[in-house]
Every structure is written in C-alpha cells, then in structure tokens.
Amino acid sequence: MMNLTSIGDLARGMTLKTRSAELKTQIETLSYEMSTGKVQDVSGRLDGDYSHLLDLDRSLSRLDAYRVSTAEAGLFTDAMQLSLTTIDGSVSEFTASLLSFGTSNQAVSHENASVQARNELDTLISALNTRAGGRSLYSGIATDVSPLPSTDTLLTALEAELTGHVTASDIRQAAEDWFNDPAGFDAVIYQGSDTALAAMQISENESVRIPITATDPAIKDALRDIAVAALVSDDALNLPRDQRTALFTQLGVDLANTQNDIVNLRAQVGSAEARIEQAATRNSAAQTSLEYSRNKLIAADPYETAAQLQTVQFQLESLYSVTVRNANLSLVNFLR
C-alpha cells in the first residue's frame, strides 16, 4: 500500500514564498551580470584567490596615473612649442626688417624700426608669460608667477645701462654685459626661479625634463637685441644717425644667429613631445591589454547569462501561476 505525504496550507505557503525569494535573488544576480558583464560572486569565480586580480588592479591604477601625467606633460610641451613658434616667427620677421632698415640712413626708418622692435618685444614677453593649466612655462619651479614684467619695465632698466654710450659697439657691449650679469637681467627683470622644472614622469621607467626658462641664453639674446633696437632711436641715448644705422645692421646679424638657437629650442621641445606621445601610446596599449585580462578573469558570459535569466524568469512566472491557483482553491471548488 502506497503512503502519500502532504503538507499543510501554511507550510505550502512558506515553501512558495521561499522559492519566490530564491528566484528573485537569482534574477537580481543575473540582471547585474547582464548589465555589468561581470560575475557578482567574484570570490567564487576566483576560488578565493584575489592575488592576480589585485596585481592587475595595481598595474591599471599606475597606468591611469601615467595617463594623467602624460596628458599634463603633453599640454605643457604643446603650449611651450606654440610659444616658441611665436617667438621664432617674431624674431625672423624683425630680423628681416632690421637688415632692411639698416641699409637706410633715414631718421624715419630708424624710428619705424624702434617702433616695430617695441611691438615685437611685447610679443616675445607675452609668449614667455604663457601659462598652461595655470602654470607658467618659463619660470622654472616657480610656476605660479609670470617670468617677465612689462615691456616698459625692461626698457626702463636697460635704458639706464645704455645711457652715456655713444657708439654702436659700446651700446652692444653694455647691453650684453647687463644681460649676462647675474645682478643684471636675472636679478632685476626675471621673476621666476633659478631651479628648472622637475622632470615629468610619463611611464614607469621614463621621464621628460625641459629645463627651459626665460633666462635661457637664446631667449635672453633675442630679448636683448630687440630691446636695444627699441631704444636705438630714443632721445635719451642721442646716438648719431650713422651709429644708429650701424647698430641696426649689427643687431639684424646677431638676431639671425640667435634665430638658429631658438630653432634648436623648438627641436628640443619637439623631441620631448614625440617621447610623450610614444609613451602615451605604449601606456594605452598596456592598459587595454590589462583590462582585457582583468575582464577575462571576472567576466560573465552574456549568452549563458541571458539564457539563465530567461529560464529563471519563466520559473518565477510559473511559481506565481501556481500560487494564484492555490489561493483560489476552496471546498466548494474542490467538490464541483
């Protein structure tokens, strides 16, 4: 004789509720895995061994820091390259003008040359006071201050050094002495730091250092010669006309040589830009590879997860149907 085992209504209700809760939990888990692409039970997937995952996370964290570092370094060097391009163009244009003005012994030409020199000096100082990301480019580690004051301040200080000299050679020598004297231009005009900007780390084993400040010899030579040209026609110097012509001509020759040094500065910055770009590319490739490895460790199969989710949803719907049917049972319906 067969024994039939049954459970009471209360027990049946509790069983249905428990099963419903289990299915809902499974749906939440599978929904999370579908939306994120990652398993919810990471510990179960890794058998409790997080060492490989943690190592990948540390490496990704470092690469993320280098990504920010290379972006900042790229912004800094790009801005410096742009400012040096402006300086190079200004020096080139004024050099041609000086050599042209130097062939004329007319006062109006001399005055025009000095006016243009002042304008070009404004351009140079503005370019050297450029900031990138709130940091001054040519102030060394003193990135919170602009390296140079106004054009008027520079010309006033230089004029005091040149006054009293009556020949082109004497004026050139006096200007050179003042710009080279540590107590001259560097102390009176330059407002930045004597310490160059620290190297910028762009990868684990590579850094980029650009020690260019407004006291770089090429930059100082350009500032000196253009500033002298701006003062040549000044009444305070009272230079004879032939000496003005000689001085303009020599300044044009000097600036032509200085331009080569500025081109070398641009090449130096260009090399740094290329290294930064290469490092950023390598870091990005490494980050992509590590992210793939990390995802492979904890990734949830989308097709399998979708199939399981559909199955569990069907089970929950079936459970709801059974629950509703049980709720509608009564003695009258049973006896019908």
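Annotations
- Solvent-accessible area of segment 181-297 (1.4 angstrom probe, protein heavy atoms only): carbon and sulfur portion equals 45 percent.
- Here the calculated FRET efficiency for residue 17 and residue 311, from their Cβ-Cβ distance with R0 = 35 Å, stands at 0.95, rounded to the nearest 0.05.
- With protein chains left intact and a 1.4 Å probe, residues in segment 191-236 average 39 Å² of accessible area per residue.
The values are calculated or read from the model by the stated rules, or taken from the named source; none is laboratory data. None of these values were measured; they are calculated from a predicted model. Reconstructed Cβ throughout: ideal geometry from the backbone, glycine too, with neighbour counts over all protein chains shown. Surface accessibility is based on the protein's heavy atoms, side chains included, excluding ligands, DNA and RNA. Shrake-Rupley method; radii C 1.70, N 1.55, O 1.52, S 1.80 Å.
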